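Each remark here refers to the structure printed beneath this line.
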Amino acid sequence: MSAQPIPSVASSTPVIDPKVFRAAAGNFVTGVTIATTMGTDGQPRGVTVNSFTTVSLDPPLVLVCVGRSSRSFAAFDGAEAFAINVLASDQRQLSATFASKAEDKFADANWEKGRSGSPVFPDSLASFECVLHEKVDAGDHIVLIGRVIDIHRASGTPLGYFSGNYIDFAMQRETVDTPGHCFGGLFHCGEELLFIDQDGKLALPFATSLGEEQRESDSLLGKLEALGLSARLSFVYSVFTEEGRDGLSAIYLGEIEPTAQPRHPSVRLLKPEDIPFEQLSRFSGLIRRYIRERDTDQFGLYVGTAIKGTIHRAR
Ligand SMILES: Cc1cc2nc3c(=O)[nH]c(=O)nc-3n(C[C@H](O)[C@H](O)[C@H](O)COP(=O)(O)O)c2cc1C
């Protein structure tokens, strides 16, 4: 039997309209980062970049794509080290500056030299300091794959980018962070879940504000801080109304930073299999759902009353 000729993909590839390509790519929602490096002239260089991707966990690798038309191209092309700074929602102006052709983008920025020698922005949500692992030529860009040698991390809300516009996730929170509402948190610390011991009953922490922007002592994050816990919020897990209360109640998922410091005696961190469900004051259904969904990392959003509602899932 004679071998079938393999059809040439190249000859049958239709020409893609660059405008359509850009518009379709813009429908992919991303965060916003600033890639930085030190030029051979000793000057800091930086470009706003949303082509950031984590590549490998072991070894820890990340990548960014830098355009050949960028004025900083030569600096990145010859870089042995670079850093990626993940921007927070209040760093929109910084993003605009580093997406511009401004002469000295670093003049008004709060930055410092990191371990890699590359500029890092201490106010950003995370910085990945890298040494060059591999450089790949890719059309009008180069792909820089970096091995992460140091990480800085802070809590806050991210800056997003979609279809040529910035998205401010903080604004979505502000709409619910208003008087009359009530906020709880289901926080994990590694495998363990956080409960507060209230006279022998285990409860989730609750407050009348989230305390993300200003950590008032009676806010959710402020109350946890007073218990020696450094917490960060991820996303809303359950929104419901309760009889006799006007506002909404919302329970967020969140994370507690591990610490060697002694914690307040009312703090209980329990592995799912050790949770005494009969001692829970409320929300055993929600906690059981979390334990189930955590295994598949696919969380739904509960919307309803305290008794009955619907779980919405992303398809
Ligand atoms: C949200 C956003 C994302 C961007 N992503 C990239 C990117 O991934 N790679 C890139 O080369 N340029 C990207 N750019 C464009 C550069 O930031 C822009 O060309 C900048 O002017 C380059 O600066 P320079 O010419 O001073 O080096 C992006 C711009 C914005 C606003």
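Some values worked out for this structure:
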| read-out | value |
| --- | --- |
| Residues with amide H under 5 Å from that of Ser238, placed H, sequence gap 5 or more | Ile251, Tyr302 |
| Alpha-carbon centroid distance for the pair the stretch 118-158 / the stretch 258-315, whole angstrom | 34 Å |
| Accessible area of the chain divided out per residue, in Å², using a probe of 1.4 angstrom | 58 Å² |
| Solvent exposure, largest accessible area first (probe 1.4 Å, DNA, RNA and ligands not counted), of Asp77, Asp168, Asp108 | Asp108, Asp77, Asp168 |
| Nonlocal amide H pairs with Val55, under 5 Å, H built at 1.01 Å | Leu61, Val62, Leu63 |
| Note, ³J(HN,Hα) from phi for the stretch 217-229, Karplus 6.51, -1.76, 1.60, rounded to Hz, x at Gly and Pro | 5, 9, 7, 4, 6, x, 5, 5, 4, 5, 8, x, 10 |
| Accessible-area order (highest first, 1.4 angstrom probe) of the listed residues Thr37, Thr296 | Thr296, Thr37 |
| Phi to ³J(HN,Hα) by Karplus 6.51 cos²θ - 1.76 cosθ + 1.60 over the stretch 90-104, Hz, x for Gly, Pro | 8, 10, 4, 5, 4, 4, 5, 4, 7, 8, 9, 9, 3, 5, 10 |
| Heavy-atom accessible area ranking, 1.4 Å probe, most first, across Thr48, Thr36 | Thr48, Thr36 |
| Pairs beyond 32 Å (Cα-Cα), from Lys19/Lys135; Lys113/Lys223; Lys223/Lys308; Lys135/Lys271 | Lys113/Lys223; Lys135/Lys271 |
| Karplus-derived HN-Hα couplings along the stretch 297-308 (A = 6.51, B = -1.76, C = 1.60, θ = phi - 60°), whole Hz, x at Gly and Pro | 6, 10, 9, x, 10, 8, 10, x, 9, 5, 9, 9 |
| The stretch 86-223, Cα convex hull volume normalised per residue, Å³ | 188 Å³ |
| Dipole magnitude of the chain, debye to nearest 20 (Cβ charges: Lys/Arg +1, Asp/Glu -1, about Cα centre) | 680 debye |
| Three principal axis lengths of the chain [C-alpha, angstrom, descending] | 68, 63, 36 |
| The chain: calculated mean residue ellipticity at 222 nm from DSSP helix runs of at least 4, using -39500 (n - 2.57) | -4500 deg cm²/dmol |
| Rounded accessible area of Glu273 (nearest 10 Å², 1.4 Å probe) | 140 Å² |
| Carbon + sulfur, % of accessible area of the stretch 9-169 - ligands and nucleic acids excluded, 1.4 Å | 55 percent |
| Charge sum, other residues only, whose C-beta stays under 14 Å from Ile291's C-beta, Lys/Arg counted +1 and Asp/Glu -1 | -2 |
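The values are calculated or read from the model by the stated rules, or taken from the named source; none is laboratory data. Treat the numbers as computed from the prediction; the structure is a model and nothing was measured. In this analysis, Cβ positions are derived from the backbone assuming ideal geometry, glycine residues included, and neighbour counts consider all displayed protein chains. For accessibility, only protein heavy atoms count, side chains too; no ligands or nucleic acids. Shrake-Rupley method; radii C 1.70, N 1.55, O 1.52, S 1.80 Å.
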